[in-house]
Each structure stands twice: as C-alpha cells, then as structure tokens.
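One structure below.
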Amino acid sequence: MNDPYITNVKLLNVPLESDSLHTLYFTSLSTQQSYFSSKVVDGCNFTDFSYQRKDSIIRVPVQYDTLISKGVNYVMYQNKAFSNKWFYAFIKDIVFVSNGRSDLII
C-alpha cells in the first residue's frame, strides 16, 4: 500500500505582499529554501500531509486564532514522493473550520 503522507508543508510569516511590487531574488535554490525555512512559524512545520496542488486548499491542524496572531501569510510545500522541488504560495485567506482545524486558501 502506498504511503498517503507524502508532502511536507511549512507555514511562514514573510515580509512580502501578493502585489508583486517587492520581490526577493536568490543566488541559488538552496539559498531560497534556507531563507524561507527560516521564516517558518513555530508549530507550523508538517511532514505528514497528503498530496498538495497549486491554487487549492490546504487543511492544517492549527487553530485559526493562532495562524492569525502569528501572521501566517505564506506557505511552502514539497510533494516528496514525486520530487525534491519546493513550491511557494501566498495564503489568500484563512478559514475557520473547527477548533484546531483551519483551511488555507492558496
């Protein structure tokens, strides 16, 4: 049976806006990954998610108020069963689902 937990997901607080007026440039992929990994919010680094798609919803086991208070505004994810590539996305909205569960619209 295939392992359904194939994706790493990291929630970040970054000093960027989705308007693309201010962009960061990196000299290498490893520098980019290191920078964004340094912005991961405490308690928001997951290694056991199912496959994630761009322009989708990511369900996270984190309280809505925690995400808001920690300024979570960006996500990086890696579908490790398929490649080592990290994908990056702005969080467009955070939706309360239940205590301890929120949906991130990316």
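The values are calculated or read from the model by the stated rules, or taken from the named source; none is laboratory data. Predicted model only: the values in this text are computed from it and were never measured. So basically every Cβ, Gly included, is an ideal-geometry build from the backbone, and we count neighbours across all protein chains shown. All accessible areas refer to the heavy atoms of the entire protein, side chains included, with ligands and DNA or RNA removed. Shrake-Rupley method; radii C 1.70, N 1.55, O 1.52, S 1.80 Å.
Taking the range 50-102 on its own, how many of its residues are open to solvent by 60 Å² or more (accessible area, probe 1.4 Å), β-branched (V, I, T) and over 13 Å from the mean Cα position of the chain (by Cα)?
Result for the range 50-102: 2.
Which ones in the range 43-79 are of a type in the set (D, E) and at pLDDT 95 or above? Break it down stepwise before answering.
From the range 43-79, those of a type in the set (D, E) are 48, 55, 65; that's our starting set.
Selection gives D65 alone.
Could you please find all residues in the range 69-90 being in contact (Cβ under 8 Å) with a residue 60 or more places away in the chain and assigned to a loop (DSSP other than H, G, I, E, B)? First the steps, then the outcome.
Quick first cut of the range 69-90, residues in contact (Cβ under 8 Å) with a residue 60 or more places away in the chain only: 72-82, 90.
Within the range 69-90, V72, N73, K80, A81, F82 meet the criteria.
Out of (1) part of a loop (DSSP other than H, G, I, E, B); (2) farther than 18 Å from R101 by Cβ; (3) in contact (Cβ under 8 Å) with a residue 40 or more places away in the chain, what's the single condition that is false for Y5?
Only one criterion is unmet by Y5, namely (2).
Just the residues that are under 18 Å from D93 (Cβ atoms) and open to solvent by 70 Å² or more (accessible area, probe 1.4 Å), please, taken from the range 14-46.
Applying the first criterion (under 18 Å from D93 (Cβ atoms)) to the range 14-46 yields 14, 16-19, 41, 44.
The answer is E17, S18, D19.
Among L24, L16, which is the only one that is touching a residue at least 12 places away in the same chain (Cβ under 8 Å), of a type outside the set (D, E, K, R) and assigned to a loop (DSSP other than H, G, I, E, B)? Steps first, please.
Numbers: L24 fails: touching a residue at least 12 places away in the same chain (Cβ under 8 Å).
The conditions single out L16.
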